[in-house]
Amino acid sequence: MFNVAVVGMGWWGKIIVPLLKTSKKINVSTVVEINAAGIADFAKQHGVKVVTDLQDVLKDPAIQGVVLCTPHTQHTEQIIAVANAGKHVFCEKPLSMTRADVLRAIKAVNDNKVALAVGHERRFEPPVLEAMRIIQSGELGTPLQVEANFSQDKFLALAADNWRLSGKEAPAGPMTATGIHLLDLSVGVFGEAERVFASVKQLGSQLVNGDTLAILVTFKNGGHALISAILATPFEGRFAVYCNKGWIEVRDKTHPEAPEGWVLTKTLRGGKKEVREFPPAPNVLANLEAFADAAEGRAPYPVPQSQMIANISALEAIFKSASTGTIVNVES
Ligand SMILES: NC(=O)c1ccc[n+]([C@@H]2O[C@H](COP(=O)([O-])OP(=O)(O)OC[C@H]3O[C@@H](n4cnc5c(N)ncnc54)[C@H](O)[C@@H]3O)[C@@H](O)[C@H]2O)c1
């Protein structure tokens, strides 16, 4: 068993620990949480030891990997600290907030010859894997344009001072919460982005950092992505890729927290719409187990580092575009 510690026992850490407890590949015995008292009951229920400082797990030779579920601005330095301790790193999205930072983080990972994985579990959803397989097979022809939407109203209940609503931790409103997953999938289709235009507005809620985000990304190879992420409307999850011989769309039936599966729709020129239903699948765990496979040398992690860098480079340009109202070139 690959032995990990999970850092940051808030919303997502408390989803990840019980999932890992079901894994045949990964064991979690320790968690790191600055507010240890707040998770005493959870720790008892799940049989994990609580420490309050990441350094404690970095010194522990029994811990082989670290899963970071902390606020966004901490990710880069924590990835570097974990890698420098010779431990494998799984970091929740976004890996970093700037291209310069993601390059520093990835350098530390590679210098220390450890694995790096990122919490973009949408890549592990069975209908997304199937859509990507079909696109890569060439059956649909050349990818032209992505249209994608990831919207939800969960954040309406957050206190106004929550870090997820701050301009520092979450620039461009919904971008680091949901939009980034769609940017990652678009990078998976098209590769490096060339330029972006992003507009964020506060139109339908008290979320002062913005609740409505529209993005146009152009890619070096010529494709576009139209990304929509809204925090003031009920859940919607849709990822569609239009190509010159057909198109394919993955639609979530419900919010991933109460999953009911997906509908995959494919249309080829001259043919009828083909619709396939996919039942719920444990894609968050699949991502974590892919991390264990990479760390223990069974298989390379399926998201290449070049795409991790491309995603964060485009993310930084989106932050700049949303704050300046201008078209921004993506650094490369
Ligand atoms: N992949 C997904 O779909 C998904 C979903 C939700 C959240 N996330 C990501 O998970 C991360 C955490 O988000 P969240 O919603 O759980 O936030 P949260 O605020 O609910 O939890 C963060 C926790 O980290 C703790 N913490 C902060 N700094 C720490 C430190 N230095 N050491 C130890 N503990 C520390 C806080 O006390 C808090 O309990 C973010 O990167 C977020 O984007 C990913």
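The values are calculated or read from the model by the stated rules, or taken from the named source; none is laboratory data. Just so it is clear, the model here is predicted, and its values are computed rather than measured. Neighbour counts are summed over all protein chains in view; Cβ atoms, including those assigned to glycine, are modelled from backbone coordinates with ideal geometry.
Scanning segment 190-213 for residues that are crowded, with 21+ Cβ neighbours inside 10 Å and either touching a His at 6+ places or on another chain (Cβ under 7 Å) or within 26 Å of residue 123 (Cα to Cα) (or both) returns 190, 193, 196, 198, 200, 211, 212, 213. Only strands (runs of 3 or more DSSP E) whose full extent lies in segment 42-91 are considered here, and the ones with at least 1 residues that are within 19 Å of residue 288 (Cβ to Cβ), near the ligand (Cβ under 10 Å from one of its atoms) and in contact with a helix residue (DSSP H, G or I) (Cβ under 9 Å, 6 or more places away or on another chain) are 65-68, 88-91. Looking across segment 1-27 at every residue that is β-branched (Val, Ile, Thr) and touching a strand residue (DSSP E or B) at 6+ places or on another chain (Cβ under 8 Å), the one that is nearest to the ligand (Cβ to nearest atom) is identified as 7.
Okay, residues lined up against (1) modelled with pLDDT under 95; (2) more than 20 Å from the chain's Cα centre (by Cα); (3) within 16 Å of the ligand (Cβ to nearest atom):
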{"site": "236", "(1), (2), (3)": "no, no, yes"}
{"site": "242", "(1), (2), (3)": "no, yes, no"}
{"site": "256", "(1), (2), (3)": "yes, no, yes"}
{"site": "289", "(1), (2), (3)": "no, no, yes"}
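Within segment 150-181, restricting attention to residues that are touching a Phe, Trp or Tyr at 6+ places or on another chain (Cβ under 9 Å) and more than 12 Å from the ligand (Cβ to nearest atom), the residue that is farthest from residue 213 (Cα to Cα) is 153. Please go through segment 106-144 and pick out each residue that is touching a Cys at 6+ places or on another chain (Cβ under 8 Å) and within 16 Å of the ligand (Cβ to nearest atom). Once the filter is applied, which keeps residues that are touching a Cys at 6+ places or on another chain (Cβ under 8 Å) and within 16 Å of the ligand (Cβ to nearest atom), segment 106-144 yields 116, 117, 118, 119. Looking at 102, 114, 31, just one residue is in contact (Cβ under 8 Å) with a residue 12 or more places away in the chain, under 19 Å from the mean Cα position of the chain (by Cα) and either within 22 Å of residue 290 (Cβ to Cβ) or not in a loop (DSSP other than H, G, I, E, B) (or both), and that residue is 102.
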